[in-house]
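The values are calculated or read from the model by the stated rules, or taken from the named source; none is laboratory data. If you're wondering where the values come from, they're calculated on a predicted model, not measured in any experiment. Here the Cβ is made from the backbone with ideal geometry for all residues, glycine too, and neighbour counts use every protein chain on show.
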Amino acid sequence: MEGQAQSAPAGKKSGIVKSYTLEEYFDFEFKAGGKHEYLDGRIRAMAYTSPAHGRIQTNFMDELAQCLKAKGCMRYTSDRMLYVPHCNKVFYPDILIVCDPETFRQHKGKMKATLNPSVIIEILSDSTEEEDRIDKWGCYRTIPSLKQYLMVQQNAQSIHSYRRKSEREWDYSYANMPEESIAVIDCLVQVKEVYAGVEI
């Protein structure tokens with residue numbers, strides 16, 4: 001993610017940073033031209049994504065399509081909002097998978113934020129890798145429904161997976177060879193297919 005999409009609302013006056021309520025954020029986002037995250041009182045504009053990011057996202061979605069359809073799971077790109085009550089944060093994950101009847105944090109009109117993802121996939125970049133590995137992961141793992149979190153690198157063919165073992169235990173695995181596969185729920189995805197057409 002290499003550039004800022006749109007500025008968040010002005011919130012600094014006389015050295016005091018304004019804290020926004022969740023409802024104020026939803027009102028702002030409902031009217032905004034771009035996408036913004038909500039970080040427990042702060043509103044932050046989403047960054048632009050690179051062509052490689054978009055290609056990896058599309059490849060991953062395509063590879064999962066048939067298997068997830070057979071399982072009755074829904075998959076979404078980064079247009080789907082995710083609200084994490086424990087952290088009081090709203091994100092737009094790169095890929096969101098929901099396998100149970102979807103529950104929402106409802107706002108005006110048709111604006112909804114998913115509450116119960118089964119899988120979250122984030123595509124890492126130099127500007128977001130530390131946050132995805134530490135801050136977001138710390139927040140995501142508080143979601144009771146979450147079964148798996150994957151981080152996909154852009155600058156190397158490497159996919160990292162955390163699968164829930166118990167409430168506070170997660171199994172870690174990774175795949176970084178072209179012929180290797182990694183399981184997303186029970187759907188096998190081959191590394192070389194995720195990175196097809198991507199210059200590393």
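Some notes on this structure:
- Qualifying residue in the stretch 169-178 (condition: touching a residue at least 12 places away in the same chain (Cβ under 8 Å) and under 20 Å from His86 (Cβ atoms)): yes
- Positions within the stretch 18-73 being over 15 Å from Ile95 (Cβ atoms), in contact (Cβ under 8 Å) with a residue 24 or more places away in the chain and of a type in the set (Phe, Trp, Tyr), in sequence order: Tyr25, Phe26, Phe30, Tyr38, Tyr48
- Scanning the stretch 82-111 for residues that are touching a helix residue (DSSP H, G or I) at 6+ places or on another chain (Cβ under 8 Å), surrounded by 19 or more Cβ atoms within 10 Å (Cβ to Cβ) and of a type in the set (A, V, I, L, M, F, W, C) yields a count of 5.
- Residue, nearest to the chain's Cα centre (by Cα), within the stretch 175-188, restricted to residues that are crowded, with 16+ Cβ neighbours inside 10 Å and part of a strand (DSSP E or B): Val184
- When every residue of the stretch 80-96 is checked against the conditions, none turns out to be over 15 Å from the mean Cα position of the chain (by Cα), under 28 Å from Gln190 (Cα atoms) and in a loop (DSSP other than H, G, I, E, B).
- Hey, Lys71 more than 19 Å from Leu188 (Cα to Cα) and charged (D, E, K, R) or not: no
- Scoring Glu24 on the criteria (1) modelled with pLDDT under 95; (2) in a helix (DSSP H, G or I); (3) not aromatic (Phe, Trp, Tyr) leaves a single failure, condition (1).
- Residue match in the stretch 119-138 (condition: among the hydroxyl-bearing types (Ser, Thr, Tyr), farther than 26 Å from Phe30 by Cβ and at pLDDT below 95): yes
- When restricted to residues that are touching a residue at least 24 places away in the same chain (Cβ under 8 Å), in a loop (DSSP other than H, G, I, E, B) and of a type in the set (D, E, K, R), the stretch 98-136 contains 4.
- Looking across Thr58, Thr77, one residue alone is assigned by TED's automatic domain parsing to the domain that holds Asp171, at pLDDT below 95 and within 24 Å of Glu199 (Cβ to Cβ). It is Thr77.
- Contact map, the stretch 83-95: first residue in contact (Cβ under 8 Å) with a residue 60 or more places away in the chain, second residue charged (D, E, K, R) and assigned to a loop (DSSP other than H, G, I, E, B), Cβ cut-off under 7 Å, separation 6 or more or different chains; pairs are Asn88/Asp40.
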